[in-house]
Amino acid sequence: MSEPTITLQMPQPLYQRLQRLAELTHRPLESLIFQSLDAHLPPLLEDMPESMREDLHTLEKLDDEALRHVAQGVWSTTQHERYTELLEQDRASALTPSEQVTLEELYQDANRHMLRKAYAHALLKWRGHELPPLAARQSAP
């Protein structure tokens, strides 16, 4: 089976940028276009951890304001402090089995939280919204 072919009409300035980059990197123009598309397409839910798919699918249905709320969400101070405390105890090999379970649960929760935030930011970007620079997002209250 042959690969699909797509013909695009591209704005001249964009074409010139791609052509110049191809020359500078000694790469075929086609390979730069493929790389750019691959880097900027949203990930498929099928590529996400199965445990997160339903939650991320729910994010896709949210309106922009609700997505902004998710994207700007912060992990609670209590959770962060407990996680830090347990990490320090773990480094000192002083965790009880119960604390080890709690540490793992907090770790998983932090990962879910960050993935939700990242996916919400990506959805907003794909919907055409400008996002503040990362430094501004990290320093926001």
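Of Arg82, Arg68, Arg17, Arg27, all but one fail to be surrounded by 11 or more Cβ atoms within 10 Å (Cβ to Cβ), among the charged types (D, E, K, R), at pLDDT 90 or above and outside any helix (DSSP H, G or I); the exception is Arg27. Being among the aliphatic types (A, V, I, L, M), without any contact (Cβ under 8 Å) to a residue 40 or more places away in the chain and not in a helix (DSSP H, G or I): is that true of Val74 here? So Val74 fits the description; yes. Determine, yes or no, whether Asp90 is touching a residue at least 24 places away in the same chain (Cβ under 8 Å), touching a helix residue (DSSP H, G or I) at 6+ places or on another chain (Cβ under 7 Å) and either loosely packed, with under 13 Cβ neighbours inside 10 Å or over 15 Å from His113 (Cβ atoms) (or both). Against the criterion (touching a residue at least 24 places away in the same chain (Cβ under 8 Å), touching a helix residue (DSSP H, G or I) at 6+ places or on another chain (Cβ under 7 Å) and either loosely packed, with under 13 Cβ neighbours inside 10 Å or over 15 Å from His113 (Cβ atoms) (or both)), Asp90 does not qualify.
Pairs meeting the criteria (first residue in segment 110-133 and hydrophobic (A, V, I, L, M, F, W, C), second residue modelled with pLDDT of 90 or more and not in a helix (DSSP H, G or I), beta carbons under 7 Å, at least 6 apart or on different chains) are Ala110/Trp75. Specify the residue that is farthest from His121 (Cα to Cα); the eligible residues are those in segment 89-100 that are assigned to a helix (DSSP H, G or I) and over 28 Å from the mean Cα position of the chain (by Cα). Across segment 89-100, the extreme among qualifying residues is Pro97. Cβ separations smaller than 6 Å between residues 6+ apart or across chains give the following pairs from segment 40-63 residues that are surrounded by 14 or more Cβ atoms within 10 Å (Cβ to Cβ) to residues that are among the hydrophobic types (A, V, I, L, M, F, W, C) and part of a loop (DSSP other than H, G, I, E, B): Leu56/Met48.
The values are calculated or read from the model by the stated rules, or taken from the named source; none is laboratory data. Everything numeric here is computed off the predicted structure, so don't read it as measured data. We place every Cβ from the backbone using ideal geometry, glycine too, and count neighbours over all the protein chains shown.
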